[in-house]
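Here's the structure we're looking at; comments come further down.
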Amino acid sequence: MSILIRNGYVIYGEDFEIVKADVLIEGNSIAEVRKGINESADTVIDASGRVVSPGFINLHTHSPMGLLRGLADDLPLMDWLQNHIWPREAKLTPEYIKVGAYLGALEMIKTGTTTFLDMYFHMDAVAEAVLDSGLRGYLSYGMIDLGDPEKTEKEIKEALREMKSIEKLNSERVQFVFGPHAPYTCSIALLKEVRRLASEHNRLITIHVSETMAEIGQITERYGKSPVVLLDDIGFLGSDVIIAHGVWLDSRDIQILARNGVTVAHNPGSNMKLASGVMPLQKLINAGVNVGLGTDGAASNNNLDMLEEMKLAALLHKVHNLDPTVADAKTVFKMATLNGARALGIKAGIIKEGYLADLAIIDFNQPHLRPINNVISHLVYSANGNDVETTIVDGKILMLDREVLTLDEEKILDDAEKIVGKIG
Ligand SMILES: N[C@@H](CCSC[C@H]1O[C@@H](n2cnc3c(=O)[nH]cnc32)[C@H](O)[C@@H]1O)C(=O)O
Ligand SMILES: [Zn+2]
């Protein structure tokens, strides 16, 4: 299979240079980028007046949580989780979660996300939806033992069961990741066992860390140290670890993250909505820490739109620092693309020969995106997910001219609607 994308504004290479060119996709990778490619292809897409962008990499989400969208807003994290989200999640069956996963996948395809890092439960059901959707999904089972040794064992067993079931799908696109939920919900025994298993099975780890001030208080009281120092002391950290949030980090924590090559997945929308705080972006970047971008779940955002998330990131850090030069458009764009790919260890996140053909075509033939003075600026500050017209993952077209080809959109919306009232 080959696809030729003609005459677009291509965001090229790691410097995100804008070139008017054609892009030839062969199999699952980018074969050629240049003007006037004359080869014939199975599919030809006219990208005149459009931007050909690397697909977005959502580095932290809970994709089925769209089911809970709007059911518990305007609350702080611990109250939100304990009194509103967890009681509802207890009612979620694998069937409901699968509906939620389809809804999330549909939303991601429609807004130009090509890869995501997920944490939820019944991930074997989520994996089937991801496989159907054509997206690239890194799926973790969120483990919570609350210090109960019986639960520790149960959670590890369940994670391994889901890992095996995902491995059976035998797809490069769908990968299992270890997902201990957080230092305040997981025992040291669980964290140590996860570290051991991740190394043994060569899997990534993702975990919520230092999200709220309450968490810092709780962990300091329990262990006499910060969550990051705690994880470092038990040998948990490494370049295969992606921590979500990292809002409350002091300079020692930041040095530890840098030294261990840990990636931070920044979730500005969720951090603002739950009023968790502001991640120290500048300090992390200056220390050389890889920072990616995520939306978190759709119940704390409340959508999975990475274009919107880029704008939130840029604006948050500017006003917080009272400095408009902070979080410039290119820095934020890189967080949403290349930095995510680096964290996951995939050859994606940029458009370049030999890289995975994971990309989004964005319709710039619209008033809010003209004149085309600055492509990256328009994407970060002027566009939103609805401007995405075509989404390609692994050399396969998932959406063409706003029509999703891999999923039945109407059925997914209907199925999601049927759940109203059942978990409320
Ligand atoms: N094994 C657990 C499942 C945990 S999945 C991951 C969890 O993270 C929760 N979650 C979503 N957003 C956040 C956040 O921002 N911080 C902490 N937890 C979150 C989500 O609601 C879900 O309960 C169980 O059986 O309950
Ligand atoms: Zn989360």
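The values are calculated or read from the model by the stated rules, or taken from the named source; none is laboratory data. Note that the structure is predicted; figures quoted are calculated from it, not measured. Don't worry about glycine lacking a Cβ; one is built from the backbone with ideal geometry, like all the others, and counts go over all protein chains shown. To get the accessible areas, we keep the full protein, side chains included, count just its heavy atoms, and leave off ligands, DNA and RNA. Shrake-Rupley method; radii C 1.70, N 1.55, O 1.52, S 1.80 Å.
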*Check off (1) over 20 Å from V262 (Cβ atoms); (2) open to solvent by less than 70 Å² (accessible area, probe 1.4 Å); (3) assigned to a loop (DSSP other than H, G, I, E, B) for D296 and give me the number that stays unchecked.*
(1)
_Being part of a strand (DSSP E or B), over 30 Å from A299 (Cβ atoms), touching a Leu at 6+ places or on another chain (Cβ under 6 Å) and not charged (D, E, K, R): is that true of A31 here?_
yes
*Every residue from segment 80-124 that is assigned to a helix (DSSP H, G or I) and open to solvent by less than 10 Å² (accessible area, probe 1.4 Å)*: I85, I97, G100, A101, G104, A105, L106, M108, I109, M123
*asked:* Show the residue pairs meeting these rules: Cβ distance below 9 Å; 6+ apart or different chains; first residue within segment 63-86 and more than 10 Å from S300 (Cα to Cα); second residue modelled with pLDDT of 95 or more and of a type in the set (D, E).
replied: S63/E107; S63/D118; P64/D118; M78/E215
_helices (runs of 4 or more DSSP H) completely within segment 162-241 that count 1 or more residues being surrounded by fewer than 19 Cβ atoms within 10 Å (Cβ to Cβ) and at positive phi_ = none
*asked:* I'd like the full set of residues that are free of Cβ contacts under 8 Å to residues at least 60 places away in the same chain and under 20 Å from I45 (Cβ atoms), limited to segment 379-404.
replied: D401, E403
*Could you please let me know if P76 is away from ligand 1 (no atom under 14 Å from the Cβ), on the phi < 0 side of the Ramachandran plot and either under 22 Å from the mean Cα position of the chain (by Cα) or surrounded by fewer than 18 Cβ atoms within 10 Å (Cβ to Cβ) (or both)?*
no
*Members of segment 128-161 that are of a type in the set (G, A, S) and open to solvent by less than 10 Å² (accessible area, probe 1.4 Å)*: A129, S133, G134, G137, S140, A159
*Restricting attention to segment 362-372, does a residue exist that is surrounded by 17 or more Cβ atoms within 10 Å (Cβ to Cβ) and acidic (D, E)?*
yes
*Name every residue in segment 34-71 that is part of a loop (DSSP other than H, G, I, E, B), more than 20 Å from the chain's Cα centre (by Cα) and not small (G, A, S), in order of residue number.*
K35, I37, N38, E39, D42, L71
_Boolean, G70 is among the small types (G, A, S) and open to solvent by 10 Å² or more (accessible area, probe 1.4 Å)_ = yes
*Within segment 232-239, is there a residue that is of a type in the set (D, E, K, R) and either touching a Phe, Trp or Tyr at 6+ places or on another chain (Cβ under 7 Å) or closer than 22 Å to R136 by Cβ (or both)?*
no
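Results for (1) closer than 30 Å to K110 by Cα; (2) away from ligand 1 (no atom under 16 Å from the Cβ); (3) of a type in the set (F, W, Y), shown as yes or no for each residue.
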site: G238; (1), (2), (3): no, yes, no
site: H245; (1), (2), (3): yes, no, no
site: A265; (1), (2), (3): yes, no, no
site: N271; (1), (2), (3): yes, no, no
site: L281; (1), (2), (3): yes, yes, no
site: G288; (1), (2), (3): no, yes, no
site: D296; (1), (2), (3): yes, no, no
site: S300; (1), (2), (3): yes, no, no
site: L304; (1), (2), (3): yes, no, no
